[in-house]
Amino acid sequence: MADTYSLIGGFYSKPSPPLPPFFLKTPKLPLHFPSKSMAAHFHCSSNPRPSQPSLLVFSGGTAFNGVVEELKKLTVRVAHVLPVSDDGGSTAEIVRVLGGPAVGDIRSRCLRLADESTSEALAVRRLLGHRLPINPQQAKSEWYKILEGEHSLWEGVSKPYRETIRAFLAYFQNEILRRPNESFCFSNGSIGNFFFAGARIFFQSLDAAIFLFSRVSDIPAESLVLPVISTNDRLTLGCELWDGTIIRGQNEISHPTNIIGPVDKGRSSVPALPSRIKRVFYMSSEGTNSLHEVFPTVNQAVLDQLSNVDCIVYAMGSLFTSLCPSLVLLGIGEIISSRSCPKVLLLNGSHDRETSGFSASSFVTAITDALNRTYGNSHNCLRNLPSQYINTLLVPKDGEIPIDIQSLSSQGIFDVSRFY
């Protein structure tokens, strides 16, 4: 296994050794999928790999991506659970004009899992991973060249793939044209996001769009990309601060900006929150306060995976806007607390706007509160201990987050390991 991986998003930046040994020591449990779930189609394979450990990873679409490349060398039996509430960047423009869930994080993970073994696989990955220029006019011009099949990005893509991909890009364009009162901005637009949105609208199914994208990019059948909520509706994330302030929208919570281009999520690029985050929750699309809280249903495929995987991982990334949107859903905490498998938190390497001043035990407390739904509807609250959700903490060498061993011990977490 390679001895280095790089995590994007400003959390880790130094070379790292192979993934920790516990990934190799987990017991081999059979995977189970509901027969009616799209995940069942993903898992069908004539060449299953039962000797590989199975993992479920809660993450967002950026920080964990660098680890994905290394993780594929250990096991492809990984269920990647991602939120669908991101409302920033080019995703925001798709949601604004066409509605529906945010697909940017899912597209990003699918591309990381895509096959790279042939020249055509690389060409497809290059095409679906391409972003248009920041300048709106240049972006629109390049988009039309891609749509018409005249762009150099199509080189190396065979006719069957070309026709399939172009069909859904054309469907996406047609959906935009059907909304003459909305002017779509292509600036920094992701071709993969456009393909994903076209497929989702055509099939009226997020699961079907993921299935198609996975087949086109040749993702291993045992690797699952699961939206934590399977929906065709727009989802809005809200948060409540300890001073009572309510913030609406994931982008406003994490890295408020009016710029469509690439966003630096580092702590120096955005103003500090007026108070620490108390909880995150889902709001109605027009909601402005906690009275507009809604309670979407978790994707059943996620619950089925949680019940059977060998190891559960909370990945590094934006704590409250990447991890917690998956953890606060009814059923997640119940299953995790009942499992006796390794439950691993990969600690961030630095603070960001959401976690300014946090220690390692603060991360554990936030995850515990999210899974227990401590500050939500009192009828849905759990009272499980932190150690029922996390039993191993992996810490990057030279990371900035203070490791308060005594507080971690009081939480029942004694397995703390550094890696670099």
Site His379, offset 7 angstrom along Cα→Cβ, radius 17 Å on amide nitrogen, limited to the range 270-294, gives 291-294
Placing each pseudo-label 7 Å from Cα in the direction of the beta carbon, Arg179 and Ser141 end up separated by a distance in nanometres of 2.6 nm
So Leu74 and Ser338, fully extended at 0.36 nm per residue minus their Cα-Cα distance, gain in nm 92.4 nm
Excluding ligands, DNA and RNA, the carbon-plus-sulfur percentage of the accessible area of the range 115-218 with a 1.4 Å probe reads 49 percent
Among the range 187-203, those whose backbone N falls under 19 Å of a label point 7 Å along Cα→Cβ from Ile134 are 187-191
Note on the range 179-333: alpha-carbon gyration tensor, axes a ≥ b ≥ c; rule is a/c under 1.5 for rounded, else prolate if a/b larger than b/c, else oblate; result oblate
In the structure shown, of Lys72/Lys145; Lys73/Lys140; Lys140/Lys278; Lys72/Lys278; Lys72/Lys397; Lys73/Lys145, the pairs separated by more than 32 angstrom at the C-alpha atoms are Lys72/Lys145; Lys73/Lys140; Lys140/Lys278; Lys72/Lys278; Lys73/Lys145
Summed over the other residues with a beta carbon less than 11 angstrom from that of Val103, with K and R at +1 and D and E at -1, the charge totals +1
The long-range amide H neighbours of Val294, using H built 1.01 Å from N in the peptide plane and a cut-off of under 5 Å, are Tyr282, Met283, Ser284
Carbon plus sulfur, as percent of the 1.4 Å-probe accessible area of the range 236-418, comes to 49 percent
For the range 236-418, the Debye formula with one identical point scatterer on each Cα and no solvent gives log10 I(q)/I(0) at q = 0.11 Å⁻¹ as -0.48
Per the Cα gyration tensor, the range 115-218 corresponds to an equivalent ellipsoid with semi-axes, largest first in Å, of 22, 18, 11
With a Förster distance of 45 angstrom and the Cβ-Cβ distance between Leu330 and Ser152, calculated FRET efficiency to the nearest 0.05 equals 0.40
With the 1.4 Å probe rolled over protein heavy atoms, the range 61-115 has an accessible area per residue in Å² of 18 Å²
With all protein chains present and a 1.4 Å probe, the order of Leu327, Leu177 from largest accessible area down is Leu177, Leu327
Under 5 Å from the placed amide H of Leu82, counting only residues 5+ away or on other chains, we find Leu226, Val228
Given a 1.4 Å probe, the accessible area of the range 263-362 per residue, as a whole number of Å², is 34 Å²
Under the Karplus relation with 6.51, -1.76 and 1.60 and θ = phi - 60°, whole-Hz ³J(HN,Hα) for the range 187-198, x at Gly and Pro, equal 3, 6, x, 9, 4, x, 5, 5, 4, 4, 5, x
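The values are calculated or read from the model by the stated rules, or taken from the named source; none is laboratory data. Since the model is a prediction, treat every value here as computed from it, not as a measurement. Please note: Cβ atoms are built from the backbone with ideal geometry, for glycine as well, and neighbour counts cover all protein chains shown. Ligands, DNA and RNA are excluded from the accessible area calculation, which covers all protein heavy atoms including side chains. Shrake-Rupley method; radii C 1.70, N 1.55, O 1.52, S 1.80 Å.
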